[in-house]
Number of protein chains: 2
Amino acid sequence: MHIELITTGTELLLGNTLNTHALWIGRRLFEEGFRLQGQTSVPDGDAIRRVLEETFPRTEAILCTGGLGPTCDDITREIAARLYGLPLQVNAEVEAALRAYFASRGREPDADTLRQALVPEGCQVLPNPNGTAPGLYFPAQKGLPHLFLMPGPPREMRPMFQDHVLPILRQWRTEAPPHCVKFKCTGLGESEVVRRIEPMLKEIEGLEVGYRLGDGDLELRFFGPESATEEARRICRETLGTYLFDEGDRLLEEVLVDVLRKNGLIVSTAESCTGGMIADRITDVPGASEVFAGGVVVYSNELKQKLLGVPAATLEAHGAVSSETAQAMAEGCLAMSASDMAISVTGIAGPGGGTEEKPVGTAWLGLAVKGKPTVTRRIMYPGTRDRFKLLVSQTALDYLRREALGLELP
Amino acid sequence: MHIELITTGTELLLGNTLNTHALWIGRRLFEEGFRLQGQTSVPDGDAIRRVLEETFPRTEAILCTGGLGPTCDDITREIAARLYGLPLQVNAEVEAALRAYFASRGREPDADTLRQALVPEGCQVLPNPNGTAPGLYFPAQKGLPHLFLMPGPPREMRPMFQDHVLPILRQWRTEAPPHCVKFKCTGLGESEVVRRIEPMLKEIEGLEVGYRLGDGDLELRFFGPESATEEARRICRETLGTYLFDEGDRLLEEVLVDVLRKNGLIVSTAESCTGGMIADRITDVPGASEVFAGGVVVYSNELKQKLLGVPAATLEAHGAVSSETAQAMAEGCLAMSASDMAISVTGIAGPGGGTEEKPVGTAWLGLAVKGKPTVTRRIMYPGTRDRFKLLVSQTALDYLRREALGLELP
């Protein structure tokens, strides 16, 4: 089925708004067994007419976002009705909902707002519980394709697409949607993952593979007949093993908080070069307070001594970025908090502060666990400051996950 | 001048890659006095032919990204050459650069890689210092528009656009680019900013206004003749005053670190509900170590007492989310670190933990400054946990900025 997306909005073309619709809709369609064949952005106003006319002949369904609101350049509804030759009629139900919405805010809708209650004859209203403008579905007719009009804001468009557009699209699917297997992987570079699995995946008939680099992790998606995706699942599990941290969509911090909760474990953090990012990521997860006691951000050597009891002699003999300091930080953090394990990081984020012996991008991590000897590791992530903080925090979260699951550190 | 953008890449349509080109290019063009009139995404392969043919008649210049690499579906160069009727020739300079690039990695380029050295007759090579595929400029001819082919990866495309495409486009500008004035604003909602300035801005002839909601801040951009942008600048300064934190593009944390450095001030942080995000944002800025001593993330009450000396009686009498606890946290943080001021936050990020008296979204902030009485404020940001953390950290950074500049807290 040939499906295209048209996104309208001048703000998309003048550099004010990032267009996330193509990614989100393309992804959802693909997982349902469809393929988005094209996407076009046009300014508000009359340009939508030209693009619709151009797109009609080659498509079976068009998804369109934006241009349904109350301002004078929101004219997608009117233009589409004219192109399909369908008269606009006031929909009593939509109008009542609009009046109720405004009444609850002590206001009356004006004439432009009430345009949102106009529905072309024979079209289906797509409910919008998160905004005032409903969506519209024009069934295919007179040689024209199916057309879906949806509002522009993602928080209105996404539920409408999921709950009202997809169910209609699914009717026209000629075969079952492909099976889908997803993994999240961390601790191995993309090229290393590809090197390990691609030769085997290439042998599997009917398998499609999608990689997506996330914030410090790599997502793998496999589509195809069940036998193919199951074979891909087996290969991934065997070849990537504990580098896989989820079979699904979750972030590493979500998996970590979940594992800690299930095992009744509490963690704490002692950060220097990551500057609070590890704690920040753990506390992004709802319910983190059950598994996270707290942490310190000890940027100065003075605070490393004062809060974590790192001996001045250690700092002097080995420097702040060293295995010895990382160990003292992790052990001090464990002692200070009522937690089961503590992770420490100390490194050189750059751009300044690097030396020949310890270049920018060097970090030492320490993992202290109650009743076990402390382990330290040196890692290297040269690159930008942002990227360094992200990847070091990712490694720290992964060490905590591995410890909570009883796995070896890499 | 009618300019459109074509982005090629199957990954843009199947949900693997977010397309950031339209935002970035649209923004740069607008600042230079051009307007992007449309953007289209197509899969790799032959679809680019159809879109080019459709776009030719209505455009004066086409910007195209992707499809220049070595794989078999990278065929934009070949298709464009055929549409313009220009034979492809090996460019000796590009080939030598390709061979040198591969030699430095101990490899030899294969035949597909060497396709990147093919240049249509009469076209101009656009250098790509960040990758192997150079860009190409097809001058307008035979009734066809100007065409620019650029590589897909942002880190290759952006410098090429800036250094080689824009200088060519600027030749065709019929008038001087509009003046541009930019502000960053924080602490006021978008609708409140609009309410305060729009009535006055509407009176200014020739002024164009762009708003963009950033991560906790609002960017205002004004374009037009100098007299108009200067009038807008005056109105903004008068009406928004100290809510404006930058005349430019900087993030609040960048402005804060800059102001602290200039005033020789050192700060520290005591976070509960923001979970380390304030420290994380400060330490995103290169050179933060000069102005940031460190901080604590005291999620548990035990750590609030142990690290910051918050009295158990205070926690018991007023609760962890209270003016009294925020004050004790800030003062404890100031005492613990050798800093000039300390900010504390304690609140309820949700989704759980809210009560009728202290609903989800409530936070108390404390600002302790050497030799001054401590100030506390209650703020309310109901909404998602992510958004709450972001907006509370934004307010905390803004309080530090205000204090460093000797301004009142709002």
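The values are calculated or read from the model by the stated rules, or taken from the named source; none is laboratory data. Please read these numbers as outputs of a predicted model, since none were measured by experiment. Note: ideal-geometry Cβ built from the backbone for every residue, glycine included; neighbour counts use all protein chains shown. In case anyone asks, the SASA skips ligands and DNA or RNA and just uses the protein heavy atoms, side chains included. Shrake-Rupley method; radii C 1.70, N 1.55, O 1.52, S 1.80 Å.
Quickly run through segment A:1-44 and pick out the residues that are touching a residue at least 12 places away in the same chain (Cβ under 8 Å) and part of a loop (DSSP other than H, G, I, E, B).
Once the filter is applied, which keeps residues that are touching a residue at least 12 places away in the same chain (Cβ under 8 Å) and part of a loop (DSSP other than H, G, I, E, B), segment A:1-44 yields A:Met1, A:His2, A:Gly9, A:Leu13, A:Asn19, A:Thr20, A:Glu32, A:Gly33, A:Phe34, A:Arg35, A:Pro43, A:Asp44.
Results for (1) closer than 20 Å to B:Ala396 by Cα; (2) among the hydroxyl-bearing types (Ser, Thr, Tyr); (3) part of a loop (DSSP other than H, G, I, E, B); (4) modelled with pLDDT of 90 or more, shown as yes or no for each residue.
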| site | (1), (2), (3), (4) |
| --- | --- |
| B:Leu166 | no, no, no, yes |
| B:Leu169 | no, no, no, yes |
| B:Lys182 | no, no, no, yes |
| B:Ser191 | no, yes, no, no |
| B:Pro199 | no, no, no, yes |
| B:Arg212 | no, no, no, no |
| B:Leu256 | yes, no, no, yes |
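Anything in segment A:208-250 that is touching a residue at least 12 places away in the same chain (Cβ under 8 Å), over 18 Å from the mean Cα position of the chain (by Cα) and open to solvent by 80 Å² or more (accessible area, probe 1.4 Å)? List them, or say none.
A:Glu226 - this is the single residue of segment A:208-250 that is touching a residue at least 12 places away in the same chain (Cβ under 8 Å), over 18 Å from the mean Cα position of the chain (by Cα) and open to solvent by 80 Å² or more (accessible area, probe 1.4 Å).
Take B:Ala328 and decide whether it is more than 12 Å from chain A (Cβ to nearest Cβ) and open to solvent by less than 30 Å² (accessible area, probe 1.4 Å).
Answer is yes for this residue.
So B:Gly69 fits all but one of (1) of a type in the set (Gly, Ala, Ser); (2) part of a loop (DSSP other than H, G, I, E, B); (3) facing another protein chain (nearest Cβ under 8 Å); what number is the exception?
Single failed check for B:Gly69: (3).
Name every residue in segment A:89-113 that is among the charged types (D, E, K, R) and either in a helix (DSSP H, G or I) or open to solvent by less than 60 Å² (accessible area, probe 1.4 Å) (or both), in order of residue number.
Result: A:Glu93, A:Glu95, A:Arg99, A:Asp112.
Go through segment A:1-23 and give me each residue that's at the interface with another protein chain (Cβ under 7 Å from one of its Cβ atoms) and either open to solvent by less than 20 Å² (accessible area, probe 1.4 Å) or hydrophobic (A, V, I, L, M, F, W, C) (or both).
A:Leu12, A:Leu13, A:Leu14, A:Gly15, A:Leu18, A:Ala22, A:Leu23, listed by residue number.
State whether the residues of segment A:31-44 include one that is within 14 Å of another protein chain (Cβ to nearest Cβ), aromatic (Phe, Trp, Tyr) and open to solvent by less than 20 Å² (accessible area, probe 1.4 Å).
yes
Give segment B:45-76 a look and list any residue that's closer than 30 Å to B:Gly224 by Cβ and open to solvent by 10 Å² or more (accessible area, probe 1.4 Å), or say none.
B:Arg58, B:Thr59, B:Glu60
Can you name every one of the strands (runs of 3 or more DSSP E) wholly within segment B:303-410 that holds 3 or more residues which are touching a residue at least 40 places away in the same chain (Cβ under 8 Å)?
It comes to B:341-347, B:362-369.
Sort through B:Leu63, B:Leu86 and tell me the only one that's over 28 Å from the mean Cα position of the chain (by Cα) and either at pLDDT 95 or above or part of a helix (DSSP H, G or I) (or both).
Of the residues listed, the single one that is over 28 Å from the mean Cα position of the chain (by Cα) and either at pLDDT 95 or above or part of a helix (DSSP H, G or I) (or both) is B:Leu86.
May I ask you to list the residues in segment A:45-55 that are more than 7 Å from chain B (Cβ to nearest Cβ) and not small (Gly, Ala, Ser)?
Within segment A:45-55, A:Asp46, A:Ile48, A:Arg49, A:Arg50, A:Val51, A:Leu52, A:Glu53, A:Thr55 qualify.
Kindly indicate whether any position in segment A:376-383 is small (Gly, Ala, Ser) and more than 14 Å from chain B (Cβ to nearest Cβ).
No, there is no match, as no residue in segment A:376-383 is small (Gly, Ala, Ser) and more than 14 Å from chain B (Cβ to nearest Cβ).
Residues that are hydroxyl-bearing (Ser, Thr, Tyr), within 30 Å of B:His146 (Cβ to Cβ) and assigned to a helix (DSSP H, G or I): does segment B:229-237 have at least one?
Taking every residue of segment B:229-237 in turn, at least one turns out to be hydroxyl-bearing (Ser, Thr, Tyr), within 30 Å of B:His146 (Cβ to Cβ) and assigned to a helix (DSSP H, G or I).
Mind checking which residues of segment B:287-308 are surrounded by fewer than 22 Cβ atoms within 10 Å (Cβ to Cβ), within 23 Å of A:Ala288 (Cα to Cα) and of a type in the set (Gly, Ala, Ser)?
B:Ser300 - this is the single residue of segment B:287-308 that is surrounded by fewer than 22 Cβ atoms within 10 Å (Cβ to Cβ), within 23 Å of A:Ala288 (Cα to Cα) and of a type in the set (Gly, Ala, Ser).
Hey, can you tell me all the residues within segment B:273-286 that are in a loop (DSSP other than H, G, I, E, B), open to solvent by 10 Å² or more (accessible area, probe 1.4 Å) and facing another protein chain (nearest Cβ under 7 Å)?
Of everything in segment B:273-286, those that are in a loop (DSSP other than H, G, I, E, B), open to solvent by 10 Å² or more (accessible area, probe 1.4 Å) and facing another protein chain (nearest Cβ under 7 Å) turn out to be B:Asp284, B:Pro286.
If you take the residues of segment B:309-325 that are open to solvent by less than 20 Å² (accessible area, probe 1.4 Å) and within 14 Å of another protein chain (Cβ to nearest Cβ), which of them is farthest from B:Val360 (Cα to Cα)?
Within segment B:309-325, the match that is farthest from B:Val360 (Cα to Cα) is B:Val310.
With the condition kept exactly as written, say whether any residue in segment A:239-248 is under 24 Å from A:Ile379 (Cα atoms), touching a Gly at 6+ places or on another chain (Cβ under 6 Å), of a type outside the set (Lys, Arg) and more than 8 Å from every other protein chain (Cβ to nearest Cβ).
Among the residues of segment A:239-248, at least one is under 24 Å from A:Ile379 (Cα atoms), touching a Gly at 6+ places or on another chain (Cβ under 6 Å), of a type outside the set (Lys, Arg) and more than 8 Å from every other protein chain (Cβ to nearest Cβ), which makes the answer yes.
Of a type in the set (A, V, I, L, M), more than 8 Å from every other protein chain (Cβ to nearest Cβ) and part of a loop (DSSP other than H, G, I, E, B): does that describe A:Leu260?
The answer is no for A:Leu260.
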